[in-house]
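Accompanying notes for the structure given below.
The values are calculated or read from the model by the stated rules, or taken from the named source; none is laboratory data. These numbers were taken from a predicted model, which means no experiment stands behind them. Cβ sites come from the backbone with ideal geometry, for glycine too, and all protein chains shown count toward neighbours.
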């Protein structure tokens, strides 16, 4: 039995010597990552995954807000024609009609306009003499400028432009001076 113990001990010593020789020579040595390195790697993966998920949540929330903000854009554009008709009717009733008719139509017009404003619709403020801006105005025609200071500027506003949120949904139709 002692003989067997001595043989096992010499075999174990030989294996230790071989491993030490390989370690010194650099052959067949693959150092297993330590527990700290594994933990750091997993922590880094977790942090990256968490950051990616947070970015996903922010992006989807932003897309959702934009969707709701502009979901009623088509309906708003179709209502602009009705709003224009109200304005034309008010002008005609003011010319020809009685005051009670005018007051009734004005009341309905104001209610309608206020509801559209609550939903984010804003009319553009465009006046004669303002500088023409292609981001907000659509030039219908050019006429000879009545005065030198109106050359290249807005002479008359034909149709009011509207903004929904931050987006132009109808450009103001204007006449410019030439």
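Overview of results
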quantity: Positions within region 88-118 being closer than 18 Å to residue 164 by Cα and surrounded by 14 or more Cβ atoms within 10 Å (Cβ to Cβ), in sequence order; calculated: 112, 113, 116
quantity: Matching option when the condition is exposed (fewer than 10 other Cβ atoms within 10 Å of the Cβ) and free of Cβ contacts under 8 Å to residues at least 60 places away in the same chain, among 136, 67; calculated: 67
quantity: From the options 84, 74, 101, 149, residue that is assigned to a helix (DSSP H, G or I), at negative phi and touching a residue at least 60 places away in the same chain (Cβ under 8 Å); calculated: 84
quantity: Any chance residue 96 is without any contact (Cβ under 8 Å) to a residue 12 or more places away in the chain and either within 23 Å of the chain's Cα centre (by Cα) or over 28 Å from residue 71 (Cα atoms) (or both); calculated: yes
quantity: Residue satisfying all of: in region 153-177; surrounded by 12 or more Cβ atoms within 10 Å (Cβ to Cβ) and in a loop (DSSP other than H, G, I, E, B); farthest from the chain's Cα centre (by Cα) among these; calculated: 160
quantity: Conditions (1) at pLDDT 80 or above; (2) surrounded by fewer than 10 Cβ atoms within 10 Å (Cβ to Cβ); (3) part of a helix (DSSP H, G or I): number failed by residue 79; calculated: (2)
quantity: Some residue of region 27-38 being at pLDDT 90 or above, surrounded by 10 or more Cβ atoms within 10 Å (Cβ to Cβ) and assigned to a helix (DSSP H, G or I); calculated: yes
